[in-house]
Amino acid sequence: MYVGKHDWEIERDLIDWYDHAEQQKLPEVENIIRLIGGHEQMIMNYFIKGKTNGKAEAGNSKIQRFIAANYGVRDKNFFMYGLARYFSWHIKILISLVLVFK
């Protein structure tokens, strides 16, 4: 559908969709318009480059599950060690977590 289209063509199609959706005057549709408007650049990147942030979301989900499973830990250094061993493939996330737990 969007293969081979230029950036401006995809943006034009999105603007046309906004116009059509706003004509519906339904609260549910207005909520969707706001949701898409807040993530418009990511949506455009998907159609232009075919890339998503799915890997980052999966990593965040794993970290949240790990934190929930170890909630209430007393030894924060040991917790961070366990987190580092579990997620050794993604150092940047671990550094940001260390800064949060300080």
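Taking the condition of being of a type in the set (D, E, K, R) and either surrounded by 11 or more Cβ atoms within 10 Å (Cβ to Cβ) or farther than 28 Å from D7 by Cβ (or both), how many residues in the stretch 50-66 meet it? Number satisfying all stated conditions: 2.
Of the numbered criteria (1) at pLDDT 75 or above; (2) surrounded by 13 or more Cβ atoms within 10 Å (Cβ to Cβ), the one P27 fails is (2).
In the stretch 45-89, of all residues being among the hydroxyl-bearing types (S, T, Y) and farther than 30 Å from E11 by Cα, the one that is farthest from the chain's Cα centre (by Cα) corresponds to Y81. Of all residue pairs spaced 6 or more apart or on separate chains, those with beta-carbon atoms under 8 Å, a first member in the stretch 46-66 that is small (G, A, S) and a second member that is part of a helix (DSSP H, G or I) are G59/I93. Within the stretch 20-66, the set of residues being of a type in the set (G, A, S) and closer than 30 Å to G82 by Cα comprises G54, A56, A58, G59, S61.
The values are calculated or read from the model by the stated rules, or taken from the named source; none is laboratory data. These figures come from a predicted structure and were not determined experimentally. Note that we place each Cβ from the backbone using ideal geometry, even for glycine, and neighbour counts take in every protein chain shown.
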